[in-house]
Amino acid sequence: MAIPAEEMLAVTLRYLSTGCTLTELHYNYNIVYIEIWNALRTIHLKELTQEDWKHVTNEFQRKANFPMCVGAIDRKHIRIENFPHAGSMNFNYKKFYSVVLLAIADTDYNFLFVDIGAYGKDCDSSILLKY
């Protein structure tokens with residue numbers, strides 16, 4: 001059965017604003033998120049081949065005169081109220097609590113990689129090292 005759009009929006013907003021785990025969302029909304037993720041990631045975030053990476057590199061060279069670039073990376077701190085018993089893990093250099101949304105895009109603004117929910121204190125390199 002399809003999940004109603006209103007419920008999907010509510011769940012998405014809750015996930016992004018609180019940083020709760022997928023398990024918490026499963027228990028609170030009784031939805032199997034692993035199946036949703038597995039179905040959608042193959043459509044929207046396909047696994048890139050060596051040829052795909054070469055194409056991205058060539059496009060950065062052609063469009064931006066930026067050689068050997070495999071993506072543009074940026075992150076956004078999503079302001080949160082700190083989680084109970086979380087300590088200072090989510091306290092960032094901007095002096096507020098947050099979780100990090102980090103993404104890498106190609107020259108056409110398509111996402112190549114997305115990570116949502118890292119600690120606010122984490123820098124880009126420590127988030128990428130998880131992978």
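The values are calculated or read from the model by the stated rules, or taken from the named source; none is laboratory data. Since this is a predicted model, take the numbers as computed values, not measurements. Neighbour counts run over all protein chains shown; Cβ positions are idealised from the backbone, glycine included.
General observations
- Residue check for Trp53: modelled with pLDDT under 85 and either more than 30 Å from Ala2 (Cα to Cα) or within 20 Å of the chain's Cα centre (by Cα) (or both): no
- Test set (1) more than 25 Å from Glu6 (Cβ to Cβ); (2) in the same structural domain as Leu9 (by TED's automatic domain parsing) - Ser125 fails condition number: (2)
- Complete set of residues in the stretch 56-70 that are aliphatic (A, V, I, L, M) and either more than 25 Å from the chain's Cα centre (by Cα) or part of a helix (DSSP H, G or I) (or both): Val56, Ala64
- Looking only at residues in the stretch 81-131 that are hydroxyl-bearing (Ser, Thr, Tyr) and either touching a residue at least 40 places away in the same chain (Cβ under 8 Å) or not in a strand (DSSP E or B) (or both), the one that is farthest from Lys46 (Cα to Cα) is Ser88.
- Within the stretch 3-18, one or more residues are acidic (Asp, Glu) and at pLDDT below 85.
- Residue list for the stretch 78-105, restricted to those being basic (Lys, Arg) and under 13 Å from Gly117 (Cα atoms): Arg79
- Test result for Thr107, of a type outside the set (A, V, I, L, M), surrounded by 14 or more Cβ atoms within 10 Å (Cβ to Cβ) and closer than 24 Å to Ile127 by Cα: yes
- The C-beta contact set for the stretch 59-77 (first residue touching a residue at least 40 places away in the same chain (Cβ under 8 Å), second residue hydroxyl-bearing (Ser, Thr, Tyr) and part of a loop (DSSP other than H, G, I, E, B), distance under 6 angstrom, 6+ apart or interchain) comprises Glu59/Thr107; Phe60/Thr107; Lys63/Thr107.
- Residues considered: Glu24, Glu59, Glu7. Of these, the only one that is closer than 28 Å to Cys123 by Cβ, charged (D, E, K, R) and outside the structural domain of Lys130 (by TED's automatic domain parsing) is Glu24.
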